[in-house]
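Reviewing the structure listed below.
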Amino acid sequence: MKPLTKEFRHLSRPEKIEQLKEHGWIKEQSEQILLNNSEIDKELLENLIENVIGQGTLPVGVLPEIIVNGKSYAVPMMVEEPSVVAAASYGAKLFNKSGGLKIVKSDNIKLGQIVFDDVADTKQLSKDIFALESEIHQVADQVYPSILKRGGGYKKIEIDAFPEESMLSLKVHIDTRDAMGANIINTILEGIAHYLEEQLSHTNILMSILSNYSTTSVISIQGKIAVSDLEKSNVSGEDVAHRMERASVLAHIDPYRAVTHNKGVMNGISSVVLASGNDTRSVEAGAHAYASKDGQYRSLTTWKYDREEQYLVGTIELPLTLGIIGGSIDLLPISKVTLDLLSVESAQELAHIVAAVGLAQNFSACRALVSEGIQHGHMNLHYKSLAIKIGAKGTEIHLITEALKNMDKPNLETAQALLYEMRNN
């Protein structure tokens with residue numbers, strides 16, 4: 001896939017869209033949506049959720065190129081925070097120079113729970129349920145036969161017992177293929193629950209519901225960046241690599257740092273998830289639960305300095321359950337454009353891209369933090385926001401942004417004075 005021009009970020013919005021079309025990355029329908037109709041249709045809007053009074057919008061930017069398992073992607077990101085797309089794009093650029101990111105682990109099984117309450121003997125109930133496993137499998141297949149035709153469906157069961165609370169959780173492993181799968185999972189669970197109520201006497205099923213903590217759908221992505229590419233300001237590449245490694249250790253042992261560290265990871269992940277029409281709350285809840293899987297909240301990424309090969313090696317690991325069909329994905333205009341642009345063949349491929357963007361985003365944030373400081377990049381974009389806020393237009397935005405960088409007090413009042421002077425001289 002031919003990469004976008006290096007000047008991509010300096011093009012106007014219509015020029016960016018035109019270049020995406022020229023590269024064959026989006027179809028004409030997506031071009032028209034981006035140019036003329038990115039908002040939700042009124043009839044769809046009024047029926048998508050309850051009590052509709054309007055719609056909000058967020059900017060959608062493009063990470064020009066990230067290479068995952070040898071394939072190049074241009075990635076749409078929906079986010080309001082100014083530095084996110086720029087940071088992810090820069091991190092991806094450095095990973096790409098070293099061959100891109102590689103898949104280490106890729107699972108795609110989702111979980112549902114059937115919870116029994118008031119259980120007198122959890123051991124005996126467990127035995128009774130396992131004795132019916134083949135029948136449970138048959139029920140699942142009968143309840144949702146269409147998923148079988150797509151190669152998915154029931155896989156197996158597990159049981160978590162909580163005798164101290166007289167509870168038992170039956171975990172059902174289900175492959176929903178390329179769908180997010182909430183309706184598939186819940187329908188299968190309800191079918192199994194109804195069967196078990198008929199077969200097992202004196203049972204009290206409290207609930208049947210999917211779990212957003214899919215420890216059976218863990219994605220791990222790894223990439224490396226040459227130390228020679230890490231030099232920043234007056235800090236050597238070797239020093240940056242060492243400091244990144246130490247910052248990674250801190251994010252692993254200190255929850256106060258880990259939360260902020262992972263927020264940066266999720267800046268990248270949630271932006272792509274949102275643009276693709278997937279469920280950001282599900283992804284975020286699962287990611288943060290996974291960060292606490294051993295009893296303490298820790299980083300979702302690790303950074304290690306390979307001193308022999310002179311590379312900084314980054315790894316991200318988290319559960320990701322995404323879809324490319326079904327739900328709002330098939331309805332929202334921007335999700336159609338996103339999947340057109342990404343041209344992914346499966347939900348699993350989308351998950352790989354999402355994880356890779358999270359790692360690239362995390363790299364740029366941590367690198368800035370251990371070198372010139374996080375505010376340097378943030379403030380450059382903040383000055384641009386100030387210029388827009390005071391009503392600057394066209395070239396005025398760039399001129400005021402550059403002028404504010406050299407001011408002792410680069411605040412709103414200073415920006416207003418610059419604009420007044422610019423327009424009256």
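What to note about this one:
- Candidate set from segment 322-334 (those that are open to solvent by less than 30 Å² (accessible area, probe 1.4 Å) and in contact with a strand residue (DSSP E or B) (Cβ under 7 Å, 6 or more places away or on another chain)); member that is modelled with the highest pLDDT: 323
- When segment 54-71 is filtered for residues that are closer than 13 Å to residue 356 by Cα and in a strand (DSSP E or B), the ones remaining, listed by number, are 63, 65, 66, 67, 68, 71.
- Test for residue 285: is it under 12 Å from the mean Cα position of the chain (by Cα), in contact (Cβ under 8 Å) with a residue 60 or more places away in the chain and open to solvent by 30 Å² or more (accessible area, probe 1.4 Å): yes
- Residue match in segment 227-239 (condition: buried (at least 18 other Cβ atoms within 10 Å of the Cβ) and over 24 Å from residue 294 (Cα atoms)): yes
- Only a single item in (1) touching a residue at least 60 places away in the same chain (Cβ under 8 Å); (2) surrounded by 14 or more Cβ atoms within 10 Å (Cβ to Cβ) is not met by residue 29, and it is number (2).
- Residue ID - farthest from residue 280 (Cα to Cα), chosen from residues in segment 47-85 that are crowded, with 16+ Cβ neighbours inside 10 Å and among the small types (Gly, Ala, Ser): 72
- Selection from segment 212-243 of residues that are under 16 Å from residue 301 (Cβ atoms) and among the small types (Gly, Ala, Ser): 220, 223, 241
- Odd one out for residue 148 among (1) touching an Asp or Glu at 6+ places or on another chain (Cβ under 7 Å); (2) touching a residue at least 60 places away in the same chain (Cβ under 8 Å); (3) in a helix (DSSP H, G or I); (4) not aromatic (Phe, Trp, Tyr): (2)
- Tabulated pairs, segment 404-420, first in contact (Cβ under 8 Å) with a residue 12 or more places away in the chain and charged (D, E, K, R), second open to solvent by less than 30 Å² (accessible area, probe 1.4 Å) and assigned to a helix (DSSP H, G or I), C-beta under 7 angstrom, 6+ apart or interchain: 405/383
- Number of residues in segment 88-112 that are at pLDDT 95 or above and either buried (at least 19 other Cβ atoms within 10 Å of the Cβ) or over 24 Å from residue 217 (Cα atoms) (or both) equals 17.
- Set 253, 205: member being β-branched (Val, Ile, Thr), under 30 Å from residue 186 (Cβ atoms) and more than 23 Å from the chain's Cα centre (by Cα): 205
- The residues in segment 151-197 that are part of a helix (DSSP H, G or I) and over 13 Å from residue 209 (Cα atoms) can be counted, and the count is 7.
- Search result, residues across segment 286-326 that are of a type in the set (Lys, Arg) and in a loop (DSSP other than H, G, I, E, B): 293, 298, 307
The rows are residues; the columns are (1) over 16 Å from residue 264 (Cα atoms); (2) touching a His at 6+ places or on another chain (Cβ under 9 Å); (3) part of a loop (DSSP other than H, G, I, E, B).
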site	(1), (2), (3)
73	yes, no, no
76	yes, no, no
80	no, no, yes
89	no, no, no
103	yes, yes, no
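- Cross-chain or 6+ apart pairs with Cβ under 8 Å, segment 44-70 first and within 30 Å of residue 4 (Cβ to Cβ), then among the polar types (S, T, N, Q) and at pLDDT below 85: 57/38; 60/38
- When 358, 391, 323 are checked against the criterion of being touching a Leu at 6+ places or on another chain (Cβ under 9 Å) and over 30 Å from residue 269 (Cα atoms), 391 stands alone in meeting it.
- Members of segment 167-207 that are open to solvent by less than 40 Å² (accessible area, probe 1.4 Å), over 26 Å from residue 279 (Cβ atoms) and without any contact (Cβ under 8 Å) to a residue 60 or more places away in the chain: 168
- Among residues of segment 212-240, those that are assigned to a helix (DSSP H, G or I) and either in contact with a Pro (Cβ under 8 Å, 6 or more places away or on another chain) or farther than 27 Å from residue 71 by Cβ (or both), counted: 4
The values are calculated or read from the model by the stated rules, or taken from the named source; none is laboratory data. Predicted model only: the values in this text are computed from it and were never measured. For neighbour counting, all protein chains shown are included, and Cβ atoms are generated from backbone atoms with ideal geometry for every residue, glycine included. These area figures cover heavy atoms from the full protein model, side chains too; ligands, DNA and RNA do not enter into them. Shrake-Rupley method; radii C 1.70, N 1.55, O 1.52, S 1.80 Å.
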